[in-house]
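What follows is a single structure, written as structure tokens, with notes after it.
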Amino acid sequence: MIKIAHFLVEKRIWLFCIFLLMAAGSIILIPKVKINTDMSLYLPDDSEMKQGKDIMEEQLPEVMKTKSRIRVMFDNLTDEESTYKGSIRTILTSGLIMVFVTWLLGYAFEEPAIGQICHILAIGTTSALVMILLILPGVLAACDRLVVKKSLLHLKES
């Protein structure tokens with residue numbers, strides 16, 4: 001553990017540069033994120049969920065043919081855009097609540113060690129929030145093509 005700590009301290013500039021490069025690459029890939037609302041593409045043919053969806057398509061063809069089966073409270077947005085905007089709001093709301101609560105709790109305790117732990121949690125939550133909003137979409141954009149290709153190849157074979 002000490003060796004890892006020394007390595008991180010000695011190479012902190014290089015690690016920070018690598019992190020910045022990865023963050024920049026992820027930010028560049030954000031526009032390429034495609035939201036796939038048909039989750040059945042990721043499921044094998046023998047899954048119960050996919051079989052249930054097939055039964056619903058047979059029993060309720062007029063409902064299943066409509067593009068949108070959900071109601072959202074946004075004007076002029078597609079399902080994908082509303083899903084993306086809704087998820088950003090949810091992530092920001094819960095993340096900021098966690099940041100502010102832990103930060104304020106740091107001042108509520110008389111014991112300095114507990115207050116410092118709360119402040120460290122707030123800093124960690126802030127960095128996690130930034131990574132989720134900026135880096136994760138790029139990683140998903142890069143990896144989604146691999147998953148969808150495999151799923152589509154699996155569909156073509158059957």
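Readers should treat all values here as calculations from the given coordinates under stated rules, not as data from a laboratory. Remember, predicted model here, so these are calculated numbers, not experimental data. Methodologically, a virtual Cβ is constructed for each residue, glycine included, from the backbone with ideal geometry; neighbour enumeration extends over all protein chains shown.
Data for the structure
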{"read-out": "Packing-based exposure ordering (other Cβ within 10 Å, fewest first) of V9, V101", "value": "V9, V101"}
{"read-out": "Modelled label reach - F7, point 7 Å along Cα→Cβ, segment 110-132 residues with backbone N closer than 12 Å", "value": "none"}
{"read-out": "Packing-based exposure ordering (other Cβ within 10 Å, fewest first) of T102, T126, T90", "value": "T90, T126, T102"}
{"read-out": "Sorted by Cβ density within 10 Å, fewest first, the residues L133, L8", "value": "L8, L133"}
{"read-out": "Förster radius 22 Å - calculated FRET efficiency between Y42 and A142 (Cβ-Cβ, nearest 0.05)", "value": "0.85"}
